[in-house]
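The values are calculated or read from the model by the stated rules, or taken from the named source; none is laboratory data. Given the structure is predicted, the values throughout are model-derived calculations rather than measurements. Reconstructed Cβ throughout: ideal geometry from the backbone, glycine too, with neighbour counts over all protein chains shown. Calculation scope for accessible area: heavy atoms of the full protein, side chains included, ligands and nucleic acids excluded. Shrake-Rupley method; radii C 1.70, N 1.55, O 1.52, S 1.80 Å.
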Amino acid sequence: MTIRSAIARELARMILPADSIVSVVDQFQEELLSRLQTSAISMLPQCSVPDERLRWNPKDRILAIDFGGTRLKFAIVSLPQIVIEYDDAFELTYNIVDPTFFNGIIYKICTKLAENGYVKKKNETSEVTKFFVSVTFSFPLNAKGEVVAMGKGFVMTNALQGLTVKQLIQSSFERIISDNFEDFSCAMNVCDVINDAVAVSLTSKFICENDSISLIIGTGTNACFEVPYGYLPPFKKDSLRETLPSNYNKETLNFKHVLVNSEIGFIGKDVISLQPFDIHGGISYEMPLECVTSGKWLPLSLRNILLQYNIIPKNFPIEFNGELVCQLAEDSANTWFEDQYYSLICQIARLLIKRAAFYVAAIVQAIDIITGCKNYNFIHVGYVGSFLQHSTFYREQIKYYSSIDIKLQFLNHSNLLGAAIATYLNKSDKHV
Ligand SMILES: Nc1ncnc2c1ncn2[C@@H]1O[C@H](COP(=O)(O)OP(=O)(O)OP(=O)(O)O)[C@@H](O)[C@H]1O
């Protein structure tokens, strides 16, 4: 046996899960149910899912805004066809988050809409163009919709205190339109502000039609799905009810499903056995499933392994990211590594992805059981995230490890579409 094949064997033993998938699905299912009942930081209900779509006026236009990082995207979306009529994006250069920050964004959006003829001058039309505005805001908000923290290079100011993102954006529109667009005839009504996990979930539900689970595997790992309202413990029922508008008929909740943002990254503390090379600080113990599945951490585990076996030098200049791992797993051309080790490195990358796929397949099957989805032959999973999207091997392995057919569907533009769908569903829901 060569040294390389000995290393490969040793790593296969350490990396590939010893438990059967059936047993891991069982353990994940128990953990999900227990988190649903007890955790105050995960498995939180996001909103109820309306099931009636009666009141939608086809003339209504939705302006969707995706505020998730330094590139702000916006689009005009027509529903129910889910067509993006117009979209654009710009970089956010100002990083102090105060009302001026929102005014700057809204000014740019209004300018683009006017330049492209989506809002008309008063002397050109007697009709006011009405927009329902819907926002995906990928920063933590509290139950009232106020910003709790920013991160990603943004600095929050005290000027935001006590104001919801909805109020901030609504008042920016009013101010910018009256100060800069007084010749134009338009009205902006800010309706929904949702987070990215909910946006993906609503897109998944709307596009996939069948019961579906939404999965995010990019930088991080997360999932969102529906459970019957009755499954929630009293404290989660109460917090959900507080977020609903006062005119919402709360009695109907008993017959509804609610979206649960599961934060599945936290799952697996007693199930996933992390190896020394998986430890990238305390976060690895807190988020074992994320640590072994996401595009951020998995490449760092590969790097640690290669360092541990002296396959690369300490000062190896190449960044270990999702793209590199996916190329290695697909065995594409070698640019960076010594030829004698290249096939071993590709093998290790595949082992790490196999482990990731095993746990993703297990969590999806566990979620499928607790949601009580009705399709016994397949599980429909709408997903986003570059790491999963760019790895055919990862997607194939997820299917390989599942005893039910997992249909993976990539949901392009889901942050914009999900925001638009939230408003469409709420506006057409009888109760809101
Ligand atoms: N071509 C690629 N192939 C494989 N993985 C990729 C590729 N491009 C990016 N990634 C990985 O995908 C992850 C980024 O995922 P994604 O593009 O979905 O962003 P995100 O999770 O929305 O991130 P952010 O937190 O910045 O919004 C990174 O871990 C990166 O290493």
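From the set of residues in region 185-220 that are open to solvent by less than 10 Å² (accessible area, probe 1.4 Å) and assigned to a strand (DSSP E or B), which is farthest from the ligand (Cβ to nearest atom)?
Val190
Which of the numbered conditions does Thr100 fail, given that it passes all the others? Conditions: (1) buried (at least 16 other Cβ atoms within 10 Å of the Cβ); (2) part of a helix (DSSP H, G or I).
(1)
If you check Ala159 against the conditions, is it in a helix (DSSP H, G or I), open to solvent by 20 Å² or more (accessible area, probe 1.4 Å) and over 24 Å from Glu182 (Cα atoms)?
Considered against the rule, which asks whether it is in a helix (DSSP H, G or I), open to solvent by 20 Å² or more (accessible area, probe 1.4 Å) and over 24 Å from Glu182 (Cα atoms), Ala159 comes out as yes.
Answer yes or no: is there a residue in region 48-58 that is at pLDDT 95 or above and open to solvent by less than 60 Å² (accessible area, probe 1.4 Å).
Step one: of region 48-58, the residues at pLDDT 95 or above are none.
No, because not a single residue in region 48-58 is at pLDDT 95 or above and open to solvent by less than 60 Å² (accessible area, probe 1.4 Å).
Answer yes if at least one residue in region 239-259 is closer than 23 Å to Val381 by Cα, out of contact with any strand residue (DSSP E or B) (no Cβ under 6 Å at 6 or more places or on another chain) and either open to solvent by less than 10 Å² (accessible area, probe 1.4 Å) or assigned to a strand (DSSP E or B) (or both), and no otherwise.
Scanning region 239-259 turns up no residue that is closer than 23 Å to Val381 by Cα, out of contact with any strand residue (DSSP E or B) (no Cβ under 6 Å at 6 or more places or on another chain) and either open to solvent by less than 10 Å² (accessible area, probe 1.4 Å) or assigned to a strand (DSSP E or B) (or both).
In region 26-44, which residues are closer than 17 Å to Thr221 by Cβ and of a type in the set (A, V, I, L, M, F, W, C)? Talk me through it step by step, then tell me what you get.
Step one: of region 26-44, the residues closer than 17 Å to Thr221 by Cβ are 28, 31-32, 35, 39, 41-44.
Matches in region 26-44: Phe28, Leu32, Ile41, Met43, Leu44.
Which of the residues belonging to region 283-339 are closer than 25 Å to Phe266 by Cα, open to solvent by 50 Å² or more (accessible area, probe 1.4 Å) and among the aromatic types (Phe, Trp, Tyr)?
Selection gives Tyr285 alone.
Of all the residues that make up region 269-282, how many are acidic (Asp, Glu) and crowded, with 16+ Cβ neighbours inside 10 Å?
1
Residues that are under 30 Å from Lys59 (Cα atoms) and modelled with pLDDT under 95, at least 2 per element: which helices (runs of 4 or more DSSP H) completely within region 334-432 meet that?
Output list reads 414-428.
Quick check, is Ser403 surrounded by fewer than 17 Cβ atoms within 10 Å (Cβ to Cβ), under 23 Å from Ala75 (Cβ atoms) and outside the structural domain of Asn189 (by the TED database)?
no
What residue, of Phe266, Phe235, is away from the ligand (no atom under 16 Å from the Cβ), open to solvent by 50 Å² or more (accessible area, probe 1.4 Å) and either more than 21 Å from Ile379 (Cβ to Cβ) or without any contact (Cβ under 8 Å) to a residue 24 or more places away in the chain (or both)?
None of the other options fit; the residue is Phe235.
Only one residue in Val128, Val119 is surrounded by 12 or more Cβ atoms within 10 Å (Cβ to Cβ) and either touching a helix residue (DSSP H, G or I) at 6+ places or on another chain (Cβ under 7 Å) or closer than 17 Å to Ala197 by Cα (or both), so which one is that?
Details: Val128 fails: either touching a helix residue (DSSP H, G or I) at 6+ places or on another chain (Cβ under 7 Å) or closer than 17 Å to Ala197 by Cα (or both).
Selected residue: Val119, the only one of Val128, Val119 that is surrounded by 12 or more Cβ atoms within 10 Å (Cβ to Cβ) and either touching a helix residue (DSSP H, G or I) at 6+ places or on another chain (Cβ under 7 Å) or closer than 17 Å to Ala197 by Cα (or both).
It is to be established whether one or more residues within region 142-152 are of a type outside the set (Lys, Arg), in contact with a Ser or Thr (Cβ under 9 Å, 6 or more places away or on another chain) and within 16 Å of the ligand (Cβ to nearest atom).
no
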